[in-house]
Amino acid sequence: MQQENKNQKISKTAAKTAIRIFIIILFMGILPFVAGQDQPWGDKLANAHLVITNKWTLVFPAILFVGFLTLTILCLKNKYSQTDINWLLVLNAVILVTYLVLLYSRIYKALFV
């Protein structure tokens with residue numbers, strides 16, 4: 001049986017934590033819509049004006065999300081044994097969490113303020 005070294009254990013823990021944090025942040029975006037039942041949906045969406053001036057700005061988050069799914073599948077398939085893929089997954093998840101926080105703050109401001 002092969003022993004895990006210290007770097008592999010740290011990368012494995014970091015990758016698992018990054019996946020969990022990303023999923024929690026992803027589902028926290030639904031929380032204001034579920035919890036905020038004081039106004040009907042029609043009124044909230046009637047005043048919301050999200051304008052995306054450049055459609056190419058959506059391409060890069062989509063590529064990051066596809067990369068996140070690919071790296072997650074690779075990590076799960078290899079049971080977190082490849083340190084480099086684990087760290088790439090952590091980096092990808094950090095960037096995606098940043099995108100989600102920025103997106104949620106923009107949507108929250110447009111719908112609820």
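Quick notes on this structure:
- Reach of LYS79 by Cα under 23 Å, taken over lysines that are not fewer than 8 positions away in the same chain: LYS6, LYS9, LYS12, LYS16
- Protection-proxy order for peptides 100-110, 18-28, each taking the mean of Cβ atoms within 10 Å per residue, highest first: 18-28, 100-110
- Proximal lysines to LYS55, defined as alpha-carbon separation beneath 20 angstrom and excluding residues fewer than eight positions away on the same chain: none
No value in this document is a laboratory result; all are computed from the given coordinates. Worth saying up front: this structure is predicted, and the values here are computed from it rather than measured. Cβ atoms come from the backbone with ideal geometry, glycine included; neighbour counts cover every protein chain shown.
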